[in-house]
1. In segment 119-130, how many are more than 13 Å from residue 159 (Cα to Cα) and either touching a residue at least 24 places away in the same chain (Cβ under 8 Å) or in a loop (DSSP other than H, G, I, E, B) (or both)?
2. What is the residue count in segment 183-196 for residues that are part of a loop (DSSP other than H, G, I, E, B) and either open to solvent by 100 Å² or more (accessible area, probe 1.4 Å) or closer than 14 Å to residue 120 by Cβ (or both)?
3. Quick one: residue 14 ticks every box in (1) at pLDDT below 90; (2) of a type outside the set (Phe, Trp, Tyr); (3) surrounded by fewer than 18 Cβ atoms within 10 Å (Cβ to Cβ); (4) assigned to a loop (DSSP other than H, G, I, E, B) bar one, so which box is it?
4. Only one of 101, 176 is of a type in the set (D, E, K, R) and in a helix (DSSP H, G or I); which?
5. Please enumerate the residues belonging to segment 30-44 that are over 17 Å from residue 80 (Cβ atoms) and not in a loop (DSSP other than H, G, I, E, B).
6. Tell me which of these residue 199 doesn't satisfy, since it passes every other one: (1) modelled with pLDDT under 95; (2) under 22 Å from residue 126 (Cα atoms).
7. Yes or no: segment 115-128 includes at least one residue that is open to solvent by 70 Å² or more (accessible area, probe 1.4 Å) and of a type in the set (A, V, I, L, M).
8. Quick check on this structure: which one of 60, 93 is touching a residue at least 12 places away in the same chain (Cβ under 8 Å) and within 24 Å of residue 112 (Cβ to Cβ)?
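The values are calculated or read from the model by the stated rules, or taken from the named source; none is laboratory data. Just so it is clear, the structure is predicted and the values come from calculations on it, not from any experiment. In this analysis, Cβ positions are derived from the backbone assuming ideal geometry, glycine residues included, and neighbour counts consider all displayed protein chains. When the accessible area is computed, the model is the full protein with side chains, heavy atoms only, and any ligands, DNA or RNA have been set aside. Shrake-Rupley method; radii C 1.70, N 1.55, O 1.52, S 1.80 Å.
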Amino acid sequence: MEKGLLIVLSGPSGVGKGTVRKRIFESNDVDFEYSISMTSRGIRPGEVDGVDYFFKTKEEFESLIQQGELLEYAQYVDNYYGTPVKYVRETMEKGKDIFLEIEVQGAGQVKSKIPDALFIFLAPPSIGDLKERLKGRGTETDEVIESRIAKAKKEINMMHLYDYVVENDEVDKAVERIKAIILSEHLKRERIEMKYRRALLELEEM
């Protein structure tokens, strides 16, 4: 069985990762699992535990870190974010693609553990646009917004670690670009060649 592809989408806070991810999974032509991230931050209006995130206390999260139960984790503006490792590996072994929407710091940890994953950086049209999006949320103070902008500037300088960069100028356009990238990744010569090499070996053994 062909191993599933790990798809990692990340980018600065406020760039619209969650909106783009939701729109992708509303499409009828996608066939991969979404790995729900875990966080210690408070639940926002409209969010559902076990759907948007697995919400844990800071103490619960730190216990899971100590137990090695996370593929990656990051501490961002005093909150933890992470990905449960067991579900990701089991899904890939079943031949199913799995989609992660995570912070930039966490994506670097995944790359060190699963370097053949597909890494996509979602970028804002500009820093000014990113600042306006964060203000538009109405959930953070000016001090927190400035902290997020400073962090975003550092994260944008890390886009060289990714395979592709998608500008989120319009959500629908960003979604179509990401879906095209995933399709092209499945059609890479390395993946197709491996499949046929296995088939040839099976024929020789018959």
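1. Result for segment 119-130: 4.
2. 1
3. Only one criterion in (1) at pLDDT below 90; (2) of a type outside the set (Phe, Trp, Tyr); (3) surrounded by fewer than 18 Cβ atoms within 10 Å (Cβ to Cβ); (4) assigned to a loop (DSSP other than H, G, I, E, B) is unmet by residue 14, namely (3).
4. Exactly one residue qualifies, and that residue is 176.
5. Residues of segment 30-44 over 17 Å from residue 80 (Cβ atoms): 30-34.
Of everything in segment 30-44, those that are over 17 Å from residue 80 (Cβ atoms) and not in a loop (DSSP other than H, G, I, E, B) turn out to be 32, 33, 34.
6. For residue 199, the exception is condition (2).
7. So in segment 115-128, the residues open to solvent by 70 Å² or more (accessible area, probe 1.4 Å) come out as 115-116.
Still in the list and also of a type in the set (A, V, I, L, M): none.
Among the residues of segment 115-128, not one is open to solvent by 70 Å² or more (accessible area, probe 1.4 Å) and of a type in the set (A, V, I, L, M), which makes the answer no.
8. Details: 60 fails: within 24 Å of residue 112 (Cβ to Cβ).
None of the other options fit; the residue is 93.
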